[in-house]
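First the structure, in the form of structure tokens, and then the observations on it.
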Amino acid sequence: VRADAERSAAEPNLDREQFRLDWLGRKQGRLKAISDAWLKAAPVEAKKLIGQRFNELKQQVEALVDESAATAVKVEVRSLDISLPGSAHRPGAEHPLTKTMNELVSVFERMGYSVGIGPEVETDFLNFESLNFPPNHPARDTQDTLVLADQEQKPLRERLLMRTHTSPVQIRTMLAQDPPLRIVIPGKVHRNEAQDATHSPMFHQVEGLCVDTNITFSDLKGTLDHAMKSLFGSSMKTRFFPSFFPFTEPSADVQISCPFCNGKGCRKCKHSGWIELLGCGMVDPNVFKAVDARRIELGLEPKYDPAKISGFAFGMGIDRMTMMKYSVSEIGLLFSGDTRFLSQFA
Ligand code: PHE
């Protein structure tokens, strides 16, 4: 009883240890004194009874010590020592791919483009047919397509697949909005490719589309040249080569002078001084026709008469650009989620 009263009176944190020593201390604790004076000196016939009482007292004291230790823990957790050094929180960082995409997108936003997105699972119509890839056309073979299971019973244009490029969002935009329009579309795309150091079955593109009256190939050249100079510096040059895409005519591949060696030749540009960065071209009239045909099917007014409007489109791979920019040798690192890699971009 006395032990309990004394424990309650004790300042929980300061006197807790003192209370423990007073009672349980091995040399001068009260239990030791009681044991010496009563238990050890007891006559044989009383030893059992005194031993029992002694153990009860000892258990009581130990329980009180445990109990006050528990409340002490609570008090300590709540108290704050502001003189201690803080614990370091490592801040999150933008993923290098996101960084590149955001930089590119904001260059186009400054030119008045808005941002659009679309789904990664697309219909055959939006990924291929409307973009002037007719059914069974060999151009489809260039886009190693991953198709969803159990689509065979559907009509071809409704079959679902993983989009192989961001170009279907061109069509989605023209079905939803009237011209004029200027839009950039960042996103993931999928192709049936084995992963190696530079290829991945999932990668990223930024697509662009501009439709208005009297849009010409020089608008395309000027826009892309300006965008690349904003990204890589004003001394960078661009050059355009004839190319082919079913949905643009004429089509071009664009190279930039190597930003690492200023076009002199280095390992990054394989000593050519140039790096190929994107595909582009003037929107093929067949794309506008497919859009208007679909708009009529959907009960919308056709607004994309190729006799009245024209446009250009471009698409670029972001992963390769990012790898080049940050000297990343394995594309897989971009998708590994490995914080040893990612923390370098903090
Ligand atoms: N969609 C094309 C590709 O993935 C790139 C592109 C987009 C080319 C727009 C021209 C115009 O390869």
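Every number in this text was worked out from the coordinates using simple rules, so none of it is lab data. Just so you know, these numbers come straight off a predicted model, no measurement behind them. Positions of Cβ are generated from backbone atoms using ideal geometry, with glycine treated the same way; all protein chains shown enter the neighbour counts.
So the values come out like this:
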item	result
Pairwise FRET efficiency - ALA293 versus SER343, Cβ, R0 = 45 Å, nearest 0.05	0.30
Distribution of pairwise C-alpha distances over the range 137-211, 10 Å bins, in %	16, 39, 34, 10, 0
Span from the the range 179-221 Cα centroid across to the the range 51-128 one, whole angstrom	37
Pairs from LYS99/LYS303; LYS188/LYS270; LYS99/LYS221 whose Cα-Cα separation, in the structure shown, is over 30 Å	LYS99/LYS303
Percent breakdown of C-alpha pair distances by 10 Å bin, ordered from the shortest bin, for the range 197-251	16, 41, 36, 7, 0
Positive minus negative residues near ASP150 (Lys, Arg vs Asp, Glu; Cβ under 15 Å)	-1
Computed label-point distance, nm, for sites LYS188 and GLN59 using a 7 Å Cα→Cβ extension	6.2
Pair PHE335, GLN18: separation of 7 Å Cα→Cβ label points (nm)	6.8
At most 11 other Cβ within 10 Å, DSSP loop - GluC sites (Glu not before Pro), the range 142-195	GLU152
Calculated Rg and Dmax of the range 79-224 using C-alpha coordinates, Å	20.7, 73
Simple Cβ-charge dipole of the chain, Lys/Arg +1 and Asp/Glu -1, about Cα centre, in debye nearest 20	1340
Calculated P(r) tail over 22 Å for the range 259-346, as whole % of Cα pairs	56
Nearest 10 degrees, 0 to 90: helix 217-232 Cα axis against the chain principal axis	30
Principal axis dimensions, largest first and in whole angstrom, of the chain by Cα	120, 56, 36
FRET efficiency estimate (nearest 0.05) - Cβ-Cβ, LYS32 to ASP66, R0 22 angstrom	0.70
Packing-based ranking, highest mean first, of 39-45, 255-261, 27-33 given that Cβ atoms within 10 Å are counted	255-261, 27-33, 39-45
For the range 174-265, diffusion coefficient by Stokes-Einstein and Kirkwood Rh (Cα), 37 °C, 0.692 mPa s, µm²/s	207
Cysteines without a disulfide-compatible neighbour (Cβ-Cβ under 4.7 Å), the chain	CYS210, CYS280
